[in-house]
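Some notes on the structure that comes next.
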Ligand code: KG4
Ligand code: ZN
């Protein structure tokens, strides 16, 4: 039995969790900064790191207390060291170093993207959700505010990047279009709420790079964003009020369906090409019900089992970092980093060499 305390501060959530054997979540504390950043319409990096400084110690204490363990009873301490905002990452990394040194525990550095991937392996609260089996290859779609990546997993901690976005991340597109529709921050949940009851086929919006032989597994959302900008301009010129709930619902529903279609189509193509035995979707945007339903329907057609974490594990959290740390530690019991780890704002996912 391996118990890991994991710490995550890569963006605007201060989070700590205790996870056993990469799957069982003993505690999962997330102090969100959404309210602080709302008035800026996005994450304000200096404000984020200052808030992490205030929140980090109580969040760690709460995670240990809820799990009923002391720092010395842990097997290791894990922390996100990138990618993310450098000033935010530093707060978590420094806290983890201090704790690892004081409690004389190994310190494991985790890539935030690997964390999202492993959110799928966490046992869900309520436990009616099934986790993926160790049945590879697995094709993983990571869709968050900063990333949209298609990954093939050939085994635990063995990744090959198939493709990703050429411009905006899917979550970024949600956030920008929400601003365009005056829906506030964060955009994803706001668009999902506004879309309720809307017609996803009301407006004809582009699905970029469809059947593109060069960018088979890549995405592009800037054209969709521009299409939404032009569409809303045209509707306003026609004298329509975009605050009208029916019109707003149609706009939001058409937009999220366009994003979901683009994401799912490429994921299905990747699953077929890789001979995937399972497909996983993760990251903040995977909380979106339209994406979940579109993916479920398409993967059922293909006959490939689909896994998407429960909502609490879709957006940033530390439990997923604890899961990734565990599987990495199994693969490499003697990580070199230790107390020498540093933050890396643009850290790529480590790819296998063979
Ligand atoms: O994974 P995450 O919490 O942070 C990053 O690592 O980026 O993802 C945040 C992103 C934001 O862009 C947010 O708008 C989006 O996930 N998001 C959603 C939903 N919930 C969060 N997008 C669409 N529908 C949602 N329900
Ligand atoms: Zn994230």
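The values are calculated or read from the model by the stated rules, or taken from the named source; none is laboratory data. The shown structure was predicted, so the numbers you read here are calculated from the model rather than taken from an experiment. Ideal geometry is used to build each Cβ from the backbone, glycine not excepted, and the neighbour counts take in all protein chains shown.
Screening residue 101 on (1) more than 24 Å from residue 253 (Cα to Cα); (2) surrounded by 24 or more Cβ atoms within 10 Å (Cβ to Cβ) shows it passes everything except condition (2).
Of the residues in the stretch 1-15, how many are more than 17 Å from residue 85 (Cα to Cα) and within 16 Å of ligand 1 (Cβ to nearest atom)? Spell out the reasoning first.
Going residue by residue through the stretch 1-15, those that are more than 17 Å from residue 85 (Cα to Cα) are 1-6.
Next cut, within 16 Å of ligand 1 (Cβ to nearest atom) only: 6.
Residues in the stretch 1-15 being more than 17 Å from residue 85 (Cα to Cα) and within 16 Å of ligand 1 (Cβ to nearest atom): 1 in total.
From the list 231, 240, 209, the one residue that fits, being more than 17 Å from residue 173 (Cβ to Cβ) and without any contact (Cβ under 8 Å) to a residue 60 or more places away in the chain, is 240. Taking the stretch 323-354 as the range and being assigned by TED's automatic domain parsing to the domain that holds residue 118 and under 15 Å from the mean Cα position of the chain (by Cα) as the test, the residues that pass are 323, 324. Among the helices (runs of 4 or more DSSP H) confined to the stretch 243-354, the ones with at least 1 residues that are crowded, with 24+ Cβ neighbours inside 10 Å and within 15 Å of ligand 2 (Cβ to nearest atom) are located at 311-314, 319-331.
Could you list, in sequence order, all residues of the stretch 1-31 that are in a strand (DSSP E or B) and farther than 27 Å from residue 132 by Cβ?
From the stretch 1-31, those in a strand (DSSP E or B) are 3-8, 13-20, 24-31; that's our starting set.
Matches in the stretch 1-31: 14, 31.
Restricting attention to the stretch 17-48, the residues that are in contact with a helix residue (DSSP H, G or I) (Cβ under 9 Å, 6 or more places away or on another chain) and within 16 Å of ligand 1 (Cβ to nearest atom) total 15. Being farther than 30 Å from residue 338 by Cα and not in a loop (DSSP other than H, G, I, E, B) holds for only one residue in 109, 173, 96, 102, and it is 173. The set of residues from the stretch 280-298 being more than 11 Å from ligand 1 (Cβ to nearest atom) and either under 30 Å from residue 3 (Cβ atoms) or more than 20 Å from the chain's Cα centre (by Cα) (or both) comprises 280, 281, 297, 298.
The criterion of being modelled with pLDDT of 95 or more, away from ligand 2 (no atom under 16 Å from the Cβ) and within 20 Å of the chain's Cα centre (by Cα) holds for residue 139.
From the list 2, 9, exactly one residue is within 16 Å of ligand 2 (Cβ to nearest atom) and under 16 Å from residue 322 (Cα atoms). Which is it?
9
Does residue 217 qualify as being closer than 30 Å to residue 149 by Cα, assigned to a loop (DSSP other than H, G, I, E, B) and in contact (Cβ under 8 Å) with a residue 60 or more places away in the chain? Break it down stepwise before answering.
Working: closer than 30 Å to residue 149 by Cα: yes; assigned to a loop (DSSP other than H, G, I, E, B): yes; in contact (Cβ under 8 Å) with a residue 60 or more places away in the chain: yes.
Against the criterion (closer than 30 Å to residue 149 by Cα, assigned to a loop (DSSP other than H, G, I, E, B) and in contact (Cβ under 8 Å) with a residue 60 or more places away in the chain), residue 217 qualifies.
Condition test on residue 196, is it under 19 Å from residue 316 (Cβ atoms), more than 10 Å from ligand 1 (Cβ to nearest atom) and either assigned by TED's automatic domain parsing to the domain that holds residue 261 or within 17 Å of the chain's Cα centre (by Cα) (or both)?
Numbers: under 19 Å from residue 316 (Cβ atoms): no; more than 10 Å from ligand 1 (Cβ to nearest atom): yes; either assigned by TED's automatic domain parsing to the domain that holds residue 261 or within 17 Å of the chain's Cα centre (by Cα) (or both): yes.
No.
For the stretch 176-192, give me the residue count where each residue is assigned to a helix (DSSP H, G or I), away from ligand 2 (no atom under 16 Å from the Cβ) and touching a residue at least 24 places away in the same chain (Cβ under 8 Å). Counting residues in the stretch 176-192 that are assigned to a helix (DSSP H, G or I), away from ligand 2 (no atom under 16 Å from the Cβ) and touching a residue at least 24 places away in the same chain (Cβ under 8 Å) gives 6.
So for the stretch 152-174 (the condition being closer than 24 Å to residue 39 by Cβ, more than 16 Å from ligand 2 (Cβ to nearest atom) and either at pLDDT below 95 or under 25 Å from the mean Cα position of the chain (by Cα) (or both)), does at least one residue qualify? Break it down into steps so the answer makes sense when it comes.
Initially, the stretch 152-174 is screened for residues closer than 24 Å to residue 39 by Cβ, giving 168-169, 171-174.
Next, from what is left, pick out any that are more than 16 Å from ligand 2 (Cβ to nearest atom): none.
Checked against the condition, which is being closer than 24 Å to residue 39 by Cβ, more than 16 Å from ligand 2 (Cβ to nearest atom) and either at pLDDT below 95 or under 25 Å from the mean Cα position of the chain (by Cα) (or both), the stretch 152-174 yields no hits at all.
Being surrounded by fewer than 24 Cβ atoms within 10 Å (Cβ to Cβ) and closer than 13 Å to residue 280 by Cβ, is that true of even one residue in the stretch 160-178? No: zero hits. Mind counting the residues in the stretch 220-242 that are closer than 18 Å to residue 257 by Cα and outside any helix (DSSP H, G or I)? Matching residues across the stretch 220-242 total 2.
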